[in-house]
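Right, one structure below, let's go through it.
The values are calculated or read from the model by the stated rules, or taken from the named source; none is laboratory data. Keep in mind the model is a prediction, meaning the values are calculated, not measured. Cβ sites come from the backbone with ideal geometry, for glycine too, and all protein chains shown count toward neighbours. These accessible areas exclude ligands, DNA and RNA; they are computed on the full protein's heavy atoms, side chains included. Shrake-Rupley method; radii C 1.70, N 1.55, O 1.52, S 1.80 Å.
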Amino acid sequence: MSRLTIALGLLVAVLAGGLGSTLLNRPATLDADQVRAIAAEVVSAAPKPAASPDAAAIEAMITDALAKQPAPAPAQSVAQIDAATLNPMIEDYLLKNPRILQRVSSALEAEITATRKAETKSALADLQTAIYDDPDHIVLGNPKGDVTLVEMFDYNCGYCRQALPDMAELLDEDPNLKVILKEFPILSAASVDAARVAVLVSEAKVDYWAFHEKLFTGSGQNNMDTALSAAKDLGLNPVTLQLDMNTPKVTAVLDKSYDIAKKLKITGTPTFIIGDEIIPGAVGIEALKLRISNMRACGSTTCETTGQPG
């Protein structure tokens, strides 16, 4: 068999997309360079006859044959499904497997919670000095207590009024608890006036808790007049207090609370801060006790042995 016969036979097989692919394990669609290479490989391996056809003639025939071959179809992309077909399929699948949505929701909630905890922890670390070492805030209980509970409050906050007995019980029963109160008047102008008087009362050598308790146990809205009256009962001069309540020093004390709240994204009262957690609302005495206990046990408001606080 001549080399020309071999090359042309190979060419026919390749162009047919069958024998060349099956026997030679080559792609069914080949470009000109690949065909030349295969032809050269086969020709070189075949027995050499006495007379060899002209190589240029063989190449010309192959080139001509390739030129007459239909262009291969473009490669198919991944199948596309239009929305009108896909959306009902997804809906049907989810309706038949509704627990998938529950798992997705739980996973999303866990991710959001973890992100918030990390952000809160970082923000609290940055504000450590402002929260715990401010010489102008009010300290109750044991100044050297092993656990510190911070409350940001408004004297016209109903939930703060509701939390007052819890704070009183904690102070009475826990001799190692330090409580920091931060004026955070956000509900009205009357709240701001009451807070300004309260700042001056906290600087005087009087029983601040008695003042605090009287405002929260009184009836009606707290304002400048109710605050001045409560201060007068402690022996302070209401006229002097009224003259001093709008001084820059008092304003600066309130501004520090506003700054902490802004950086911690605190928008309501009461808000408690303990350890690595910010607790919005009047959560109740048991929830506060659990967190205080956990702080002593593991240095965090949540311990593995006691579980999540309620």
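With 25 Å as the limit, write out which pairs from K144/K289; K205/K289; K205/K249 have Cα-Cα distances beyond it, or answer none. Mind dumping the intermediate values first?
Working: K144/K289 18 Å; K205/K289 30 Å; K205/K249 18 Å.
Flagged as over cut-off: K205/K289.
Taking amide hydrogens as modeled 1.01 Å from N in the peptide plane, which residues meet the under 5 Å criterion relative to F153, leaving out close sequence neighbours?
Amide H neighbours of F153, under 5 Å, 5+ apart: K182, F184.
Rounded to the nearest 0.05, what FRET efficiency do K117 and D146 give with R0 = 22 Å and r taken as the Cβ-Cβ distance? Could you check? All intermediate terms of the calculation are to be shown ahead of the outcome.
On the way: r = 23 Å, r/R0 = 1.05.
So, using R0 = 22 Å, E works out to roughly 0.45.
Could you work out how much longer the chain between A83 and T247 gets when fully extended? Use 0.36 nm per residue separation minus the Cα distance between them, nm to one decimal.
Working: separation 164, 0.36 × 164 = 59.04 nm, distance 6.55 nm.
My answer for the length gained is 52.5 nm.
Restricting attention to the alpha-carbon atoms of region 73-154, what are Rg (one decimal) and Dmax (integer), both in Å?
Both quantities, over Cα of region 73-154: 26.4, 85 Å.
Using a 1.4 Å probe on the protein heavy atoms, what percent of the accessible area of region 173-257 belongs to carbon and sulfur? Present the calculation step by step, with values, prior to reporting the outcome.
Details: 2070 of 3960 Å².
With neighbouring chains kept in place, the figure for region 173-257 is 52 percent.
Once you sort the root eigenvalues of the Cα gyration tensor of region 125-273 as a ≥ b ≥ c, which label holds: rounded (a/c under 1.5), prolate (a/b larger than b/c) or oblate (the other case)?
Values: a/c = 1.42, a/b = 1.23, b/c = 1.16.
Rounded, because the longest to shortest axis ratio a/c is under 1.5.
Can you compute 3J(HN,Hα) from phi for each residue in region 114-131, using the Karplus curve 6.51 cos²θ - 1.76 cosθ + 1.60 with θ = phi - 60°, rounded to whole Hz and x for Gly and Pro?
Rounded to whole hertz, the list is 5, 5, 5, 4, 5, 5, 5, 4, 5, 5, 5, 5, 5, 9, 3, 5, 5, 7.
Please give the per residue accessible area of region 174-310, computed with a probe of 1.4 Å over protein heavy atoms only, in Å². Present the calculation step by step, with values, prior to reporting the outcome.
On the way: 6510 Å² over 137 residues.
Result: 48 Å² of accessible area for each residue.
Once phi is turned into ³J(HN,Hα) by the Karplus curve 6.51 cos²θ - 1.76 cosθ + 1.60 with θ = phi - 60°, what whole-Hz value does each residue of region 252-265 show in order, with x for glycine and proline?
Calculated HN-Hα couplings, in order: 4, 4, 5, 4, 5, 5, 4, 5, 4, 4, 4, 6, 9, 6 Hz.
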